[in-house]
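First comes the structure, then the notes that go with it.
The values are calculated or read from the model by the stated rules, or taken from the named source; none is laboratory data. Just so we're clear, the structure is a prediction, and the values are computed from it rather than from any experiment. Neighbour counts are summed over all protein chains in view; Cβ atoms, including those assigned to glycine, are modelled from backbone coordinates with ideal geometry.
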Amino acid sequence: MVRDQVTFRRVTAGVLLIVAPLLQAIAVVVDPGTWGDDRESVSFGDNPALAQVQSVLYHWSWMLMAVAVLGLVHLTRRRATVLGHVAGGMTVIGYVTLSGLLLGDPVEWWLGQHYSPEQAQKIFDEMVDLPGVIFGFQMPWMFFGFLGLPLLTVAVWRAGFVGWWVPLVVAAGYLGSFAVPYGPATVPFWTAPVLALGWIGARILRMRDEEWAAAYYPSGGIQPAVTASMTKNPSAIR
């Protein structure tokens, strides 16, 4: 499969669209900060093991989602292409940025072990509240993932690959989470997109390689010219 770029890219996209959002949903459940003190210097100190587990889960969820996005962009080859490119680029930048910010987690834990919660927060804020950190690593890039992914699913819907409910669920989950403080209320919001993105992933896995290579659309089927070209010259799909 690794030598067949069509199969490899299709299967990779399908699997990651299932795995990446699932890892994020698990991360928010095991995160001590979800259920404990909203000051991470305190909650991470209450359960250092789970604090490390949630950081690893978030890291791999967001890194893998940045790769999975390329599969969604592929589905916009023939329709909603501009929106797919713009939203896809935003999403990749956003998720990679979020992953990088996780390096602050062990810093907050260490500060919480050596200082009072108030002192720990003050020191951490002084470390990260620098213009280069804020505008180079945080603002507005850290929001691009949660904004771009719903837009990208809108493009996939406009391309004819999914129904309207998919971008609606993804938007309700990720954008709706901004309306509540990070905590128990975040869990259902970040669980909902697992179903919608996982449904896309499962559908991609059920596709034939020819359908994937031709950017398949249920309403119109495979373009005859593309299908004929692949039949006469199998290398055309690679």
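Residues in the range 181-210 that are under 21 Å from LEU23 (Cβ atoms) and outside any helix (DSSP H, G or I): TYR182, GLY183, PRO184, ALA185.
Considered as a group, the residues in the range 101-123 that are modelled with pLDDT of 85 or more and farther than 15 Å from GLY45 by Cα include one that is surrounded by the most Cβ atoms within 10 Å (Cβ to Cβ), and that residue is ILE123.
Filtering the range 111-169 to residues that are touching a residue at least 12 places away in the same chain (Cβ under 8 Å) and of a type in the set (Val, Ile, Thr) leaves ILE123, VAL128, THR153, VAL154, VAL156, VAL162, VAL166, VAL169. The conditions of being buried (at least 20 other Cβ atoms within 10 Å of the Cβ), at negative phi and not in a helix (DSSP H, G or I) are met by PHE161.
Based on what the data block shows, is PHE178 modelled with pLDDT of 90 or more, part of a helix (DSSP H, G or I) and either surrounded by fewer than 20 Cβ atoms within 10 Å (Cβ to Cβ) or among the basic types (Lys, Arg) (or both)? Judged against the criteria, PHE178 is a match. Tell me whether the range 128-146 contains one or more residues that are at pLDDT below 85 and polar (S, T, N, Q). Taking every residue of the range 128-146 in turn, at least one turns out to be at pLDDT below 85 and polar (S, T, N, Q).
Quick test for you: out of VAL170, VAL166, VAL128, pick the one residue that is surrounded by 21 or more Cβ atoms within 10 Å (Cβ to Cβ) and either under 21 Å from THR97 (Cα atoms) or in contact with a strand residue (DSSP E or B) (Cβ under 6 Å, 6 or more places away or on another chain) (or both).
Exactly one of VAL170, VAL166, VAL128 is surrounded by 21 or more Cβ atoms within 10 Å (Cβ to Cβ) and either under 21 Å from THR97 (Cα atoms) or in contact with a strand residue (DSSP E or B) (Cβ under 6 Å, 6 or more places away or on another chain) (or both), namely VAL170.
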